[in-house]
């Protein structure tokens, strides 16, 4: 599903050039659950941004479902993103001014889904995440675990092929963290591809494979369990 | 999606109450003032806006005066007659003369005040009056006919079916109503209520020693003449023909400018331009339009500044929307929707305020301004202004808000967000406006003060004056003695005209060298021997009238008249007025006998012991008793009429009432604009102080004093104000010069006005800024560092 080859990203200030990704290559198959680990500043988040089409690489190739997307313009990227990719962040990133229902509904609005269908799908996913009873609440009225469940609900409501998770349990206690990881595993079991950046060895164990990075390069790759391709199930 | 935008907009509005309230308050006030200014400007510009106004002109006369030209808004009787009969391009030519002959009108026992005018009967066609009652062909058929407007007919008779009914003027003369027409617009130069036939004036020529008839009287400028042309483009041609006719027929042809005896002034320019077409009130209209622009700009700047400053608070939301898949277009639309919602809210509040303050506004402007939001043209103007300010103030913040990289913004890296320079620029522009407005207020109030306190060349304190009635005038000598004996009256004098605004004029003058050159038009004034001493006027040469019979051939000229005639050593030299030969016995120092908007013209005083206007010098004590005594004498001679009098002081102030009102209006608008400006500044500094909380905290921990923190936050604005003052001073100097052109006598534009305007702005701005700065300085640094 994803194939990157010799990917490069550097940041330039007036005097210094910092290399964030240095000729990185790897592949992620459809339905796979991959963790990316490494110390702070190793380029994990930059990688995730590029994979999520939020940032442009400076060099190399990025094939998404066989299409080269490295040179896409903002409009094309936004289009690809809203139909194929869901995001889960460490700090949840819910919109404070919108209720739980409205936050989850947002991706459907941008993909032009009709109101009646939106309502149905949001309710469905909220039921699945067990936060239906909180649908009228605003983010500040929820616990961290609940907020992250809403964020996951929002990420999956459009039924994306790929979920990118940036330290999804970083702001949660262990029991809430485990719940979120179970959720991601369940999603993966239905065929959704997941790439997760994490510092936690515990969380990484939920995945099939761990890519370890240092200074923008891949250092090692550990296979934890055998990945068998399953057909993607519609949520 | 749209619903979602509105929802978010509404919630944001409620969430950021403080900033939104500041923005909303400023915007609402600005829109309210803007609507009032638009209504005022529109009313000024819609003067005389008859459907066919483009084809109607007033004929002004270009009179030679010394080496220059004076243009008067009046003309002589024959002009209209010739224009109508001999110039085919003229559709109608109409004379109008305000009626001063009658004071009181009565129907049965009821007395009425009515504004009347003598007109040619074509007046009703030219100004397209609808006939409500009567037969148009019978209108003003003789000297005893009158035509009323509908509301006057209602006022007098309770109905518009008033044809055949009679009105008594001054309890003697009976007039019959021959027609009723629809009312004339208030905002026009022909807004009269009753129209008399010109035959009344025509009949006064029967025994006239100088002129055979009104149609042959080229010497008296008694009328306002309006011409309606078939095609407005022909006005130059018509002027040429009029000049030719005048030069061929007028025995005083040399009085006029020989190549262009007249100026055809479009009637919709009569209120804003002098009769010669020189800008007068139009400069005030321009200045108010600038104030309108300034106020709206200040409000827009506030909005832009506060919304871009707060953009960082919205970055998370925008980033998430972008990550989820929102495209820039939909985000732009979202923020523009928010602005539209915000501005609409302000507009609704402004409309409420406009309705609430309309009575006050009408009182200040003394105009019956019609503010009707359903009126098509007015609401179209409002809508355009509204759209422009929305576009101006929503697009930039929307672009700022949607332009940043989503992940950087989410992670708090907002380096690209500060846009500090643009904000500084906008704040500087606001300061420029503030300095300009303060200078404007100072200059205008100084000019008004200057005019009202300027010594006009005579003493107007405690001088009471009134018009004598006919029966009183018949016993003038006795009346004068009786008035002198009233306790508190120290002097009594008769003169032919009001001294404050003497609009009389005649070209019927001659002196030894006058046949060769320097013909001039003078303001004549008949006075008695007590007038000059009563007014404490100064005689520069010669002597005053003595009150003896030989005075009837004596003249006193003012300095300007002497200068323009070119007579050297004038005392004892020949002079002739109204074909009465005599000698100059005195030269009076120039005094202002017209508004200070005009230069002092030539004046000739001649002797007449018993004219109609009475001047009394009274003492300050017991004025009421003096007036009662006067009234008693008046009643003895004229029991049916009310005693109307005025004090020169009061009349003098009244003459500048319009200017005073304009000044007041400007003053109010200025301070409101500055207030709105301060609101924005207050919001901005509150925000800056919040942003700098951490910096202030660290500085305080390291030992900074409250003063040093205040200085830190205020310093920036000090520099901006200095820059603003440098920009504002030359612009306001230019604009104020423009405004002062309306006045012949101008207050000097002293340098200190400009400097102090800068200082006042500085003071106001620092007061606004330091409130927040001191608050930030006093805050507990530990708390600020912890909450960061």
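Can you find even one residue in the range A:180-199 that is touching a residue at least 24 places away in the same chain (Cβ under 8 Å), surrounded by fewer than 20 Cβ atoms within 10 Å (Cβ to Cβ), more than 13 Å from the chain's Cα centre (by Cα) and under 22 Å from residue A:20 (Cα atoms)? There is at least one residue in the range A:180-199 that is touching a residue at least 24 places away in the same chain (Cβ under 8 Å), surrounded by fewer than 20 Cβ atoms within 10 Å (Cβ to Cβ), more than 13 Å from the chain's Cα centre (by Cα) and under 22 Å from residue A:20 (Cα atoms).
Among the criteria (1) over 15 Å from the mean Cα position of the chain (by Cα); (2) modelled with pLDDT of 90 or more; (3) at positive phi, the one residue A:41 does not fulfil is (2).
When residues in the range B:244-255 are screened for being at pLDDT 75 or above, surrounded by 14 or more Cβ atoms within 10 Å (Cβ to Cβ) and not in a helix (DSSP H, G or I), 1 of them pass. If you check B:332, B:306 for being assigned to a helix (DSSP H, G or I), within 14 Å of another protein chain (Cβ to nearest Cβ), over 25 Å from residue B:595 (Cβ atoms) and modelled with pLDDT of 80 or more, only one passes: B:332. Of all residues in the range B:642-661, exactly one satisfies the criterion of being closer than 19 Å to residue B:44 by Cα and not in a helix (DSSP H, G or I), namely B:656. Screening residue B:344 with (1) surrounded by fewer than 21 Cβ atoms within 10 Å (Cβ to Cβ); (2) in contact with a helix residue (DSSP H, G or I) (Cβ under 9 Å, 6 or more places away or on another chain); (3) within 30 Å of residue B:660 (Cβ to Cβ) gives one miss only, at (3). Could you check the range B:614-641 and list, in sequence order, the residues that are part of a loop (DSSP other than H, G, I, E, B) and surrounded by 13 or more Cβ atoms within 10 Å (Cβ to Cβ)? The answer is B:622, B:638, B:640, B:641. Looking across the range B:662-703, just one residue is in a loop (DSSP other than H, G, I, E, B) and either in contact (Cβ under 8 Å) with a residue 40 or more places away in the chain or buried (at least 20 other Cβ atoms within 10 Å of the Cβ) (or both), and that is B:692.
Matching residues to (1) in a helix (DSSP H, G or I); (2) at pLDDT 90 or above:
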{"site": "B:447", "(1), (2)": "yes, no"}
{"site": "B:465", "(1), (2)": "no, yes"}
{"site": "B:487", "(1), (2)": "no, no"}
{"site": "B:492", "(1), (2)": "no, yes"}
{"site": "B:515", "(1), (2)": "no, no"}
{"site": "B:525", "(1), (2)": "no, yes"}
{"site": "B:536", "(1), (2)": "no, yes"}
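Just for the range A:51-74: of the residues that are over 12 Å from residue A:2 (Cβ atoms) and at the interface with another protein chain (Cβ under 10 Å from one of its Cβ atoms), which one is surrounded by the most Cβ atoms within 10 Å (Cβ to Cβ)? Residue satisfying both the conditions and the ranking: A:54.
I'm trying to understand the selection: among the residues of the range B:215-241, which are under 18 Å from residue B:88 (Cα atoms), under 32 Å from the mean Cα position of the chain (by Cα) and not in a loop (DSSP other than H, G, I, E, B)? Matches in the range B:215-241: B:225, B:226, B:227, B:228, B:229, B:232, B:233, B:234, B:235, B:236, B:238, B:239. In the range B:75-100, what count of residues is obtained for those that are surrounded by 15 or more Cβ atoms within 10 Å (Cβ to Cβ) and in a loop (DSSP other than H, G, I, E, B)? Looking only at that region, the number is 4. Give the range B:642-657 a look and list any residue that's within 30 Å of residue B:292 (Cα to Cα) and either crowded, with 17+ Cβ neighbours inside 10 Å or touching a residue at least 12 places away in the same chain (Cβ under 8 Å) (or both), or say none. Once the filter is applied, which keeps residues that are within 30 Å of residue B:292 (Cα to Cα) and either crowded, with 17+ Cβ neighbours inside 10 Å or touching a residue at least 12 places away in the same chain (Cβ under 8 Å) (or both), the range B:642-657 yields B:653, B:655, B:656, B:657. A single member of B:70, B:128 is part of a strand (DSSP E or B) and farther than 24 Å from residue B:470 by Cα, and it is B:70. Hey, could you check the range B:144-164 for residues that are within 32 Å of the chain's Cα centre (by Cα) and assigned to a strand (DSSP E or B) and say which is surrounded by the most Cβ atoms within 10 Å (Cβ to Cβ)? Residue satisfying both the conditions and the ranking: B:148.
Has the range A:10-18 got at least one residue that is away from every other protein chain (no Cβ under 13 Å), surrounded by 15 or more Cβ atoms within 10 Å (Cβ to Cβ) and in contact with a helix residue (DSSP H, G or I) (Cβ under 9 Å, 6 or more places away or on another chain)? Checked against the condition, which is being away from every other protein chain (no Cβ under 13 Å), surrounded by 15 or more Cβ atoms within 10 Å (Cβ to Cβ) and in contact with a helix residue (DSSP H, G or I) (Cβ under 9 Å, 6 or more places away or on another chain), the range A:10-18 yields no hits at all. Just one of the listed residues (B:581, B:617, B:546, B:594) is free of Cβ contacts under 8 Å to residues at least 24 places away in the same chain, in contact with a strand residue (DSSP E or B) (Cβ under 9 Å, 6 or more places away or on another chain) and not assigned by TED's automatic domain parsing to the domain that holds residue B:747, and it is B:546. Of B:324, B:351, all but one fail to be in contact (Cβ under 8 Å) with a residue 40 or more places away in the chain and either more than 14 Å from chain A (Cβ to nearest Cβ) or buried (at least 23 other Cβ atoms within 10 Å of the Cβ) (or both); the exception is B:351.
Please work out if residue B:288 is within 14 Å of chain A (Cβ to nearest Cβ) and either within 15 Å of residue B:395 (Cα to Cα) or part of a helix (DSSP H, G or I) (or both). Here the answer is no, as residue B:288 does not meet what is asked.
Out of all the residues in the range A:75-98, which are part of a helix (DSSP H, G or I) and more than 7 Å from every other protein chain (Cβ to nearest Cβ)? Break it down stepwise before answering.
Kept after step one, since they are part of a helix (DSSP H, G or I), are these residues of the range A:75-98: A:75-84.
Matches in the range A:75-98: A:76, A:77, A:79, A:80, A:83, A:84.
The values are calculated or read from the model by the stated rules, or taken from the named source; none is laboratory data. The shown structure was predicted, so the numbers you read here are calculated from the model rather than taken from an experiment. With ideal geometry, Cβ positions are generated from the backbone for all residues, glycine too; neighbour counts draw on all protein chains shown.
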